[in-house]
Structures are given as structure tokens and as C-alpha cells.
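Student: What follows is a single structure, and I will ask about it in a moment.
The values are calculated or read from the model by the stated rules, or taken from the named source; none is laboratory data. Predicted model only: the values in this text are computed from it and were never measured. Neighbour counts run over all protein chains shown; Cβ positions are idealised from the backbone, glycine included. To get the accessible areas, we keep the full protein, side chains included, count just its heavy atoms, and leave off ligands, DNA and RNA. Shrake-Rupley method; radii C 1.70, N 1.55, O 1.52, S 1.80 Å.
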There are 2 protein chains.
Amino acid sequence: MHIHIHEFTTGPFPDITPDEWHEVAAEVAENTGHVVTFGASVEEYQAVADQVEILIASPYTLRKLDLFAAPRLLAIQSTSAGVDSLGDFSTLPAHVMLLNNRGVHGPRAGEYAIMALLMLQARLPYFATLQRTAQWHRLQTGVITGKHLTIIGLGSLGGAAAFRARQFGLRVTGLRTSAAPHEHCDIVLPIERLDEVLPTTDFLFLACPLTAQTRNILSRARIALLPSHAGVINIGRGGLIDQPALCDALNAEAIAGAVLDVFAQEPIPPSDPIWQTKNLTITPHISSDDPASYNRDTLRIFFKNLSALQAGSTPPTLVDRTRGY
Amino acid sequence: MHIHIHEFTTGPFPDITPDEWHEVAAEVAENTGHVVTFGASVEEYQAVADQVEILIASPYTLRKLDLFAAPRLLAIQSTSAGVDSLGDFSTLPAHVMLLNNRGVHGPRAGEYAIMALLMLQARLPYFATLQRTAQWHRLQTGVITGKHLTIIGLGSLGGAAAFRARQFGLRVTGLRTSAAPHEHCDIVLPIERLDEVLPTTDFLFLACPLTAQTRNILSRARIALLPSHAGVINIGRGGLIDQPALCDALNAEAIAGAVLDVFAQEPIPPSDPIWQTKNLTITPHISSDDPASYNRDTLRIFFKNLSALQAGSTPPTLVDRTRGY
């Protein structure tokens, strides 16, 4: 196979290095004899485009490459799990398999999830708001044990959140497309039943992919269904929430707090009123990535996909273009 | 026994109510036949002082009562664990046993501990500082697994922190007066060896009582021994830390962050520069109390002490006045 690893350096992560490739490739005995090239410019891509069979790149980079200029291309391994920025996939030839790296983000996301849940339980976003104006108000809350967590999306992010929540005795309701049981959820409901569970939700956790179906899933009307002591966490995508409506609810104390890691626009513009929203903790899209292991874990997923491809079976992290994840 | 429950209402908690007393007393079959009185004024105390044998009150209230006016007083049950505010105990008759409620605070303290550890690992105090001025900086950190936590004090607070930290794969070094092993610590050292472990400490957690020996234990010199990526958490007492030195270290980025729940002066005065300190999360002394269970759990501890007293054995939470806890 000719495998080309391409990245226009842009993000907070270093690109995959030849050393990382060789280190992970050496873990998998059968993966030898491939032609492996690396590129960071349009010219480097053009030089290999007529030979490349598998491309490894971020959605950001994929949007800038002419993928139709690669006639032998069989599969693309995305170096992120969310591929929503590829839109309707019209820039990808229809026969090319799109693979993501879902699973990489679980351990870090689980830590962020329970951190955010405990912060909301202890009212840390509220105290941070008071701290800005040197105000001391001793508001006591109890333990998180027994509280009701609702998780939208039970992929690796939502599953990791459920696992950690159960360590602290929360009652977990999961929602997903199917209502198939999940080992770390007390109950799983189909997403159509979301409105039923919101009024008894103490903490709402969004961890689903952004698709046409999930865009704006936490609408203004649904925010209004949450109890006033509720807290909201979003580590999925900013587009899952009606962001102005959430800010309104926070400023009006219609809900108690929120911890958000993803936003309608990233970076958040300095003039965006979200920066001044009450009882809101903002983190800059850092909930789910571990830079120390990210590239190696992505390559480990890639090699599992490659083995499946070579054996003629379905790659484990194949993206369903119809679903969008 | 004549048991008098007295409180000058001041704090964030409701006083112990007769209902709470009767509910918990009913759990313990042998505890019947006591004379139980309640008071909230000096006059109500004076009316029972010559009869009272056991007094249940907070250290705040104890400082305002003439305890030498109660000739039959055998024991005092403090409704807090820390009794440092009673100073050298000279306001307490020497023969009266002082009992605290240590153990009440563990579950909530464990939740606060792991929340604060995960916040420091993910750099939440830093992001909160940036949020105040609408700044987005995507600084990625990895999982907390494998990091080195040093805990000063292995009572119910420190023990609960160690328990939760081990759930997340931290390596835990505990320090206490003795070097007796602890079930949730990888290693326990005598407090005299603190300086040795600071340079390899990722997170320093203070959870010991405030005594003459522990006052200022995190001195300016010891803060300087911490690595620049280190984070500090204090849920013990403000007097454990040289607070101006800690603020200096935070502002100079000599350490990465801190989450503090207790302070040199509480409430923190509005003019105190600590409010403006960088990379610092302030919570208003709320780390360890669960209002829903606090009074009942305190009474449960009291009844264990009472059983021991009546059996002529040492009450489980007897305060050693020489140690101060």
C-alpha cells in the first residue's frame, strides 16, 4: 500500500512524525512493506496523488486537498473523530472509505466529564463569577451521589462520561439513535424521548456528533424544560446548542450553570457576549485530547482499520456518510 | 445524662433540630432516657448550666459560653472537626473531654479533591483567568493518570482524597506525623520528610489540622521547591499556607495553579489582593460539608462517643489537646 500522511500544520497538536509511525507500525507484525510518505504542502500532495492508496489527514487538511486527483485512493483515515466539518462529503469521491479515530478521546473525556459534573454540583461556575468581583458567598451543596445525569450520545465520549459518573454514584440515563443498553447506563432511551427526561435531569451532558439531526438539539425550548438547578456540559460540538439561548438561560438563572468546551464559533471572538455570561465556565476545546498519546493512538486505530481493509472486512471506525459519523 | 444542644446561629448550616435529634437517637436503641435541651441564647445556656453534663455546640458558640459555669460538664461534642479556633483550649475546663466530628467530611471532601485535581491537570484556573479578559488559548494537557499527588494529612479528608485519586491512577504519597501505612497511599512518609517530595510533586494537597506544628507548613521556601507545573489545593485551614507567598508564586507563574477553599481570613475581605491572583480558583469554604447529612452524621458520631463514655472507654473522636486535633 502507498500510505500518505499529510497535514497543513494548524492546530494545537504536532503532526504525526515518521518516528511515531515507525514506533506504532512495529507493534503490528504484519504491517510491513508499505510505501509511506509524509507531506505538509500542496506540492508534496500533488507529487504523490497519482500513487496514494490511503491518506491520513485531519478534516481541516482534507478540505484543502483535491481528493479527486488521487485515482487509486481507497480510504481516508481522519485524525479526528468528528468529521462534521466535511459537510455533505461532496469533496470526497463516493467510493473512498472515510475512517475516523473514534475511541482515542475516551480516557481524557471521562476525566473532563467528571470534573465538569463535580464543578457544577459544587457550583464552581457560580463561584468563578463571584470571584471576578471579589464576592464571598458561602453556598453549600452536598455530594453528587444519587444525582441524575442525562447523556446525549453514547460513543466513546459519552461512554467514558457514564463510566466515571457511575464511580461517583450518579444515576445515568443515556440517549442515542437506538435504545440499545449500555454497560455504564442505568437506562438507555431513543433520542426521540429526550423531552421526557429533561425535567428530571440534574446534569445534561452533550457528547454526540454534529449532524443534520443533532444540530441545535439543545434548543431554546428544550433548555426551558430543564429544572433551575440543572447544569449543562457540552464536549461534542458547539452547533449542538442554541448558544444565545443557553447564555440567556444562564444570565437569567433559569439554569444553575454550564461548563462548555465547544462553541458555535472557535476561537470565540473577543466581542462575543458569551465571555461575559454568568455561571459559565469556558474551556477552549481541550476536553478530549491527550497530546502525549494522540498520534500514536490514532495510528493504532488506523492499523486496525488497515488490517480489516486487507482482510476484506468492514474497518472498525468506518464513517457512515448517511449518519455523518 | 443531661445533654444540651446550643448554637448561636451564624454559619451556613441550620442548627441541629429536635427532629434530627429524635431521628438519629431512634437509630440507637440504648440511647433513651436522656434529658435533652436546646438553646440559642446566653439566657437559655445559663438556665441549664448547673445541670448540663454534655454540651453539643460549634467552636464558634463554645468561645462565647462560660464553660466553667457548668460544674457537672463531662464532655463537649464539637459540631466541627477543626477545633483550632479554640486556641490553647484555656476556655475549656481541663477535666472536660473535647470530642470533634471528624469523619463527617470525607465523602464530600473526596469529591472536591478529585474535582480540584482534575481542574489543575486541565488548567481550569488558567482558563478562568483568560476568560475574564475574553482570551482563547488552546493549551492541551493529557490525562491525570500516573501523576504524583502529595497529601499532607491522612485523616478523613486526606484519606478521601487518596481514595478518589487512586480511582484515576494517580501515584499518592501521604505525609503525616507517623509513617504508618495507609490503604489508599502508595507510600506514607513522616511529615519531617516533606521537603524531599516537593520537587517531584505534581499536585500538593493540604488536608491536615491547623496546629502550632502545621501553621505555615507550606512556607515561601517550600513553595519554591515545587516544580513550575505544580498545582496546590488546600481544604484544611488557611493558616497552613503562607498565603502572600502562594499568591506571589501564582502571579509569577512559579507554579501553574491553585484551588483554595480556606484562607488566612474568612470571608476574604473585598480589598484582599488574593481575589486578583492569576491562575487561582477560590471557593468559599465549601469543600467538605454536606448540608443534607451534616447534622445527622454529627449526631451519629456523638452517639458513638456517648456509648464509649458510658462504657468507660475512650470516645472515638476524642481530641488530644496536646496535638490540637
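Student: Using 27 Å as the Cα-Cα cut-off, could you pick out the over-long pairs in A:LYS278/B:LYS278; A:LYS147/B:LYS304; B:LYS147/B:LYS278?
Tutor: Table pairs above 27 Å Cα-Cα are A:LYS147/B:LYS304.
Student: While we're on this one: At 15 angstrom or more along the helix axis (alpha-carbon based) and mean Kyte-Doolittle of 0.0 or higher, what helices does chain A contain? Whole DSSP H runs only.
Tutor: Correct list, ordered by number: A:106-121.
Student: In addition: Shortest first, in nm, what separates the label point of A:LEU74 from those of the same position in the other copies (7 Å along Cα→Cβ)?
Tutor: 8.5
Student: Next up: Running a GNM on chain B with Cα contacts under 10 Å, which residue among B:ALA224, B:ALA162, B:ALA81 ends up with the highest mean-square fluctuation?
Tutor: Looking only at B:ALA224, B:ALA162, B:ALA81, the biggest GNM fluctuation is shown by B:ALA224.
Student: Given the C-alpha centroids of the stretch B:255-304 and the stretch A:79-127, what is the distance between them in whole angstrom?
Tutor: Going from one Cα centre to the other spans 34 Å.
Student: Let me ask something additional. Pull up all non-local amide H partners of B:GLY257: gap of 5 or more, or a different chain, and H-to-H distance under 5 Å with H placed in the peptide plane.
Tutor: Result for B:GLY257 returns B:VAL232.
Student: Calculate the FRET efficiency for A:SER228 and B:ASP320 from the Cβ-Cβ distance with a Förster distance of 45 Å, rounded to the nearest 0.05.
Tutor: The value I calculate is 0.45.
Student: Given chain A, report the % of alpha carbon pairs whose separation exceeds 34 Å.
Tutor: Looking at chain A, the distances longer than 34 Å represent 29 percent of pairs.
Student: Next question, about the same structure. Would you mind working out the accessible area per residue for the protein assembly as shown, using a 1.4 Å probe, and quoting it in Å²?
Tutor: On a per-residue basis, the protein assembly as shown sits at 39 Å².
Student: Could you please state, rounded to a whole Å, how far the C-alpha centre of the stretch A:164-202 is from the C-alpha centre of the stretch A:206-252?
Tutor: Comparing the Cα centres of the stretch A:164-202 and the stretch A:206-252, I get a distance of 16 Å.
Student: Mean-square fluctuation check for chain B, GNM, Cα pairs under 10 Å: which of B:ASP84, B:ASP50, B:ASP297 is largest?
Tutor: Of the options given, B:ASP50 has the highest mean-square fluctuation.
Student: Indicate the gyration tensor shape class of the stretch A:97-195 (rounded, prolate or oblate), computed on the Cα atoms with a ≥ b ≥ c the square roots of the eigenvalues: a/c under 1.5 is rounded; otherwise a/b larger than b/c is prolate and the rest oblate.
Tutor: prolate
Student: How far, in nm to one decimal, is B:LEU189 from itself in the other copies if the label point is set 7 angstrom along Cα toward Cβ? Shortest first, please.
Tutor: So the label point of B:LEU189 gives 5.2 nm to the other copies.
Student: Please find, in a Gaussian network model of chain B (springs between Cα atoms separated by less than 10 Å), the residue of B:THR298, B:THR133, B:THR91 whose mean-square fluctuation is greatest.
Tutor: Ranking B:THR298, B:THR133, B:THR91 by mean-square fluctuation puts B:THR133 first.
Student: Taking a label point 7 Å from Cα toward Cβ, how far is B:SER293 from its twins in the other copies, in nm, shortest first?
Tutor: Those separations, rounded to one decimal, come out as 3.2 nm.
Student: Suppose only helical runs count, i.e. DSSP H with n ≥ 4. What mean residue ellipticity at 222 nm does that imply for the protein assembly as shown under -39500 (n - 2.57) per run, divided by all residues and rounded to the nearest 500 deg cm²/dmol?
Tutor: Calculated at 222 nm, the ellipticity per residue is -8000 deg cm²/dmol.
Student: What are the residues whose amide H is under 5 Å from the amide H of B:THR37, where those residues sit 5 or more places off or on another chain and H is modelled from the backbone?
Tutor: Counting only residues 5 or more places away or on other chains, the set is B:ILE3, B:HIS4, B:ILE5.
Student: Only four residue types carry charge here, +1 at the Cβ of Lys and Arg and -1 at the Cβ of Asp and Glu. Report the dipole size of chain B about the Cα centre in Debye, rounded to the nearest 20.
Tutor: Computed about the Cα centre, the dipole is about 1160 debye.
Student: A further question on this structure: Roughly how many percent of the accessible protein surface of the protein assembly as shown is carbon and sulfur, given a 1.4 Å probe and a whole-percent answer?
Tutor: 55 percent
Student: What accessible area, summed over both chains, is buried at the B-A interface (1.4 Å probe, Å², nearest 100)?
Tutor: 4500 Å²
Student: Then there's this: Between rounded, prolate and oblate, where does the stretch A:113-257 land on the alpha carbon gyration tensor, with a ≥ b ≥ c its root eigenvalues, rounded for a/c under 1.5, else prolate if a/b exceeds b/c?
Tutor: oblate
Student: Right, something else. Tabulate in residue order the Karplus-calculated ³J(HN,Hα) for the stretch B:253-267, using 6.51 cos²θ - 1.76 cosθ + 1.60 with θ = phi - 60°, rounded to whole Hz; enter x for Gly and Pro.
Tutor: Going residue by residue, I get 6, 6, 10, 8, x, 8, 10, 10, 10, 9, 9, 4, 10, 10, x Hz, with x marking Gly and Pro.
Student: With a ≥ b ≥ c the root eigenvalues of the C-alpha gyration tensor of the protein assembly as shown, is it rounded (a/c under 1.5), prolate (a/b larger than b/c) or oblate?
Tutor: prolate
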